[in-house]
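The values are calculated or read from the model by the stated rules, or taken from the named source; none is laboratory data. This is a predicted model, so every value here is computed, not measured. Neighbour counts run over all protein chains shown; Cβ positions are idealised from the backbone, glycine included.
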């Protein structure tokens, strides 16, 4: 009843290859976009700043990593380092007076360059070894940032972001930062939605499935893997600078450790490898689960009067977070995107029932 | 170059490396039999340390009873983890299993300090602190004993792998299908491998815990263990011993000689640099076997 | 019940919906202190006891009727040193009307500085955060209210000078964790080294410091006269164990404020006899406030944690900070009895605290609009096998060097941050 599929006839290939051929899908997308645009005026400030804004930023990061992991099938456990490079480069450039747009792009470029250098070294090996190489990259970048005073800002080790202008508007206050993050996220999402339809995306898919078979049919696997690293790192760098400018407003090395890499990795996997929507879902779940658990436990402890020791109470969100990841991977390895897919499939033919499997 | 300092650092480094090697032993054991890397190994070591403390201080058991009790408990825990969680991930791509082990690590890191208390705890093995002088060079007893025990355990593992049980595990790691057809109980072998690696991790946790106190930071042993495992070869147990010594000595010497030049903190980098260099020069490690993908 | 996909998804959704509501009944006469702190990640060694101390003191005050009829609410939660969670907690608490926030975490405090200054919410950065925030003219709403690391370094050096009469030609060594926290006192040690004529050497170790095996042989070979060890949690216990193993005399070693009875216990109470530490407040159960808490709060079963921890170093530090905050409220009421209860109102009170000792727990502390540190007094205490025994009176030293550094750093912030 909702997804009317009758009467949709494609008359040319362009029409057939639309992202959302069904009008209901397009309606959903329009509603979501409208909600996101109107959010600052509709939603309470707390939710805007503490929930929506980080959600947008972390989703963009997850999208970048998804390109590499879901698109090209490579493992990257050092995405935090990639974002760190982008963040630091752009902040330093802004502080010496460069315009923000250039600084963001330069941050992306720096990440891409350094990320590709490590990628080139690491791509000799596969899967598990690649994972370890990227962890090593994370630690080396961490070390470089903290030990080069020129980069980390010396003793105080956190560099404030000076007031900046983006496309002519000063970025300050919740409204502007939110819209800037939304704009960057929109660009990255559009890119990710369409990358699968380009030759680049198809080459990546071939490399992901069977790289020696791809080699045989003429795709230079090494070149495409490296390009995937390059693009993904570029996105990571740009997201890193957005993170620092819009959300954190200061950059310090503590924010970009291995924990961040594992967090984004969890977002991608729990969301669903290769799925754009999944990155958003995964980011929301991984980001908010500890906060929600925290509030829930506080609420339950207050109401029921059970005295939980502070230690246990403080550690429960971490426990539940780990348990959540484990349960997700065991129960639904294809991630939240698959769950969304199931729901959509159900409504596709509602009120009729789907064919029995 | 101060020769005395060099020898001292090298000796300490080798012994400390052997202690890291215990954790790496677990990683290699699991990789050998089930082909997955266990990123929760550090957290399992931490849990082993906590359990030993629980039996000793919480239940009041004497040390010589608490340690075997903890070891036995962790062996069962390792088998439990494999059976309940890893069993379901058979056939999934490796990244999913890696993520799963990260999830286990988070769960343990939250559950164990949460339930048992996050303050640093004391675990005393009764090793006197007085230093031992070998000529001009000082070595401390704790490291000698700790390093000695670790090395002994790793050698025991090598010997084990030449026994019948070991041959079964080697067969499983070589080709699971063929092992099945010969009548080997593959699931049992994998479960035992997990149990044994938990045991190795527990010993590491107890040794390290006795030196630094038991708290969540024991789970950070993972990184060094990974470096050792890769350098030695992810599927080679003798490699663990040699790589452990190399990594330990390199770290120690780096701290001693590079730190004054660079300004500190080279210790952590050494492990990462070793990983990167190994992967660039000899990807499968010193003693590992090359993985051949068949079309 | 089998864990089918459906039950799992449904239960997760339900949990999320419930969790989004934060239900705290709105009370009329309360003053809210926000205390999102790190219970699970890096500051685990201190936060539990510190928070217990704070909450016990606030329970004591509330039990006596609160301040001017207003009860103080200590809103405690865990941010696990994770900036997004900390920002969420901060925004949520702000919405509920908090006038003071105590994150007890240096990275979180740094991340919240711009927000606190903008929102005019008092951020207490006890023994952590930015050392240059002592300069109230640049950081009006960041309140250390405790001796910062530069002051502690200055005091420690002065104690050494008092012991040795003259430090010229001596060798002082700093073994520190290789993080900004560990590197922070170095400029002070170097400046004082030039002034007093001692040789200064540093030995950084990688965080968290559980492996210092290669550091202490070098320290031994450097043959120092005094060793200062600057770490936290496991770094401290490992440092002490390694020092013992390398034969460094305990009575020539001093720590910053971050060492406690439980650390001593881990290494072995008798083995570390003689170790010195910086004390910002009295330790043990003899101060009147602690005795009161034992009687009126813990005695009535309303303690926020195990009774055995009452009187330990970090517990007393929590009580100290709680006391200063409540004193700020009291002074604020004296100045403006009708409120309204806002950040600026409390700020006025906090910056007018004069000669406050919390009935003998602290050295007399005076906070002004320019000096948010409170005077920078402390004392050195020595471990005698069972407790820390003060070796000196409350004193402050080398504040000229410290304030030079504070002003230099605050200038830098003013030029680039604002």
From the list A:318, A:312, exactly one residue is at pLDDT 75 or above, at the interface with another protein chain (Cβ under 7 Å from one of its Cβ atoms) and within 22 Å of the chain's Cα centre (by Cα). Which is it?
A:318
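Residues to consider are C:339, C:349; find the one that is in contact with a helix residue (DSSP H, G or I) (Cβ under 8 Å, 6 or more places away or on another chain), in the same structural domain as residue C:96 (by TED's automatic domain parsing) and buried (at least 18 other Cβ atoms within 10 Å of the Cβ).
Working: C:339 fails: buried (at least 18 other Cβ atoms within 10 Å of the Cβ).
After ruling out the rest, the residue left standing is C:349.
Is it true that residue C:58 is surrounded by 24 or more Cβ atoms within 10 Å (Cβ to Cβ) and more than 13 Å from chain A (Cβ to nearest Cβ)?
Against the criterion (surrounded by 24 or more Cβ atoms within 10 Å (Cβ to Cβ) and more than 13 Å from chain A (Cβ to nearest Cβ)), residue C:58 qualifies.
Results for (1) within 14 Å of chain B (Cβ to nearest Cβ); (2) crowded, with 22+ Cβ neighbours inside 10 Å; (3) farther than 30 Å from residue C:219 by Cβ; (4) touching a helix residue (DSSP H, G or I) at 6+ places or on another chain (Cβ under 9 Å), shown as yes or no for each residue.
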| residue | (1), (2), (3), (4) |
| --- | --- |
| C:269 | yes, no, no, yes |
| C:272 | yes, yes, no, yes |
| C:279 | no, yes, no, yes |
| C:288 | no, no, yes, no |
Test: residue C:53 is in contact with a helix residue (DSSP H, G or I) (Cβ under 7 Å, 6 or more places away or on another chain) and modelled with pLDDT of 85 or more
yes
Positions within region C:220-246 being under 18 Å from residue C:42 (Cβ atoms) and free of Cβ contacts under 8 Å to residues at least 12 places away in the same chain, in sequence order:
none
Going through region A:4-49 in order, the residues found to be surrounded by 15 or more Cβ atoms within 10 Å (Cβ to Cβ) and either touching a strand residue (DSSP E or B) at 6+ places or on another chain (Cβ under 9 Å) or touching a residue at least 24 places away in the same chain (Cβ under 8 Å) (or both) are A:36, A:39, A:40, A:48, A:49
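Any residue in region A:125-139 that is within 14 Å of chain C (Cβ to nearest Cβ), in a helix (DSSP H, G or I), modelled with pLDDT of 75 or more and closer than 26 Å to residue B:260 by Cα?
Of all residues in region A:125-139, those within 14 Å of chain C (Cβ to nearest Cβ) come to A:139.
In the following step, the residues that additionally are in a helix (DSSP H, G or I) were identified as A:139.
Remaining after also requiring modelled with pLDDT of 75 or more: A:139.
Now restrict to residues that are closer than 26 Å to residue B:260 by Cα: A:139.
Yes, region A:125-139 contains a residue that is within 14 Å of chain C (Cβ to nearest Cβ), in a helix (DSSP H, G or I), modelled with pLDDT of 75 or more and closer than 26 Å to residue B:260 by Cα.
I'm trying to understand the selection: among the residues of region C:214-239, which are on the phi > 0 side of the Ramachandran plot and more than 7 Å from chain B (Cβ to nearest Cβ)?
To start, the set of residues in region C:214-239 that are on the phi > 0 side of the Ramachandran plot comprises C:223, C:233.
Answer for region C:214-239, where residues must be on the phi > 0 side of the Ramachandran plot and more than 7 Å from chain B (Cβ to nearest Cβ): just C:223.
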Could you run through region A:327-357 and say how many residues are at pLDDT 90 or above and surrounded by 20 or more Cβ atoms within 10 Å (Cβ to Cβ)?
3
Got at least one residue in region C:197-213 being away from chain B (no Cβ under 14 Å) and outside any strand (DSSP E or B)?
yes
Which residues, counting only those in region B:263-285, are farther than 18 Å from residue B:20 by Cα and at the interface with chain C (Cβ under 10 Å from one of its Cβ atoms)?
B:263, B:264, B:265
Could you figure out which of (1) within 14 Å of chain B (Cβ to nearest Cβ); (2) out of contact with any helix residue (DSSP H, G or I) (no Cβ under 9 Å at 6 or more places or on another chain) isn't true of residue A:81?
(2)
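Among the residues that make up region B:73-83, is at least one of them modelled with pLDDT of 85 or more, within 29 Å of residue C:78 (Cβ to Cβ) and within 14 Å of chain A (Cβ to nearest Cβ)? Reasoning before the result, please.
Going residue by residue through region B:73-83, those that are modelled with pLDDT of 85 or more are B:73-83.
With the extra rule that they be within 29 Å of residue C:78 (Cβ to Cβ), the set shrinks to B:73-74, B:77, B:80-81.
Now restrict to residues that are within 14 Å of chain A (Cβ to nearest Cβ): B:80-81.
Among the residues of region B:73-83, at least one is modelled with pLDDT of 85 or more, within 29 Å of residue C:78 (Cβ to Cβ) and within 14 Å of chain A (Cβ to nearest Cβ), which makes the answer yes.
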Which pairs turn up if I take residues in region B:110-138 that are within 14 Å of chain A (Cβ to nearest Cβ) and within 30 Å of residue A:290 (Cα to Cα) and look for partners that are at pLDDT 80 or above and part of a strand (DSSP E or B) with beta carbon separation below 6 Å, at least 6 apart in sequence or on another chain?
B:121/B:214
Given the criterion assigned by TED's automatic domain parsing to the domain that holds residue C:57, free of Cβ contacts under 8 Å to residues at least 40 places away in the same chain and surrounded by fewer than 18 Cβ atoms within 10 Å (Cβ to Cβ), identify the matching residue among C:357, C:368.
C:357
Determine if region C:104-121 includes at least one residue that is touching a helix residue (DSSP H, G or I) at 6+ places or on another chain (Cβ under 7 Å) and away from chain A (no Cβ under 13 Å).
yes
Name the residues in region B:23-47 that are closer than 14 Å to residue B:228 by Cα and within 14 Å of chain C (Cβ to nearest Cβ), would you?
B:23, B:42
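Scanning for something facing chain B (nearest Cβ under 9 Å) and touching a helix residue (DSSP H, G or I) at 6+ places or on another chain (Cβ under 9 Å), does region A:270-278 turn up at least one residue? Walk me through it before giving the result.
Filtering region A:270-278 down to residues facing chain B (nearest Cβ under 9 Å) leaves A:270, A:273.
Retained after the next criterion (residues that are touching a helix residue (DSSP H, G or I) at 6+ places or on another chain (Cβ under 9 Å)): A:270, A:273.
Yes, that holds for at least one residue.
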Considering region C:181-196 alone, what residues qualify as being at the interface with another protein chain (Cβ under 8 Å from one of its Cβ atoms) and part of a helix (DSSP H, G or I)?
C:183, C:186, C:187
Does region A:212-235 hold any residues that are more than 14 Å from residue A:117 (Cα to Cα), surrounded by fewer than 19 Cβ atoms within 10 Å (Cβ to Cβ) and in contact (Cβ under 8 Å) with a residue 24 or more places away in the chain, and which are they?
none
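Those residues that are under 14 Å from residue B:40 (Cα atoms) and facing chain A (nearest Cβ under 7 Å), I need them from region B:84-94; list them, please. Let's see the steps before the verdict.
To start, the set of residues in region B:84-94 that are under 14 Å from residue B:40 (Cα atoms) comprises B:85-86.
Of everything in region B:84-94, just one residue is under 14 Å from residue B:40 (Cα atoms) and facing chain A (nearest Cβ under 7 Å), namely B:85.
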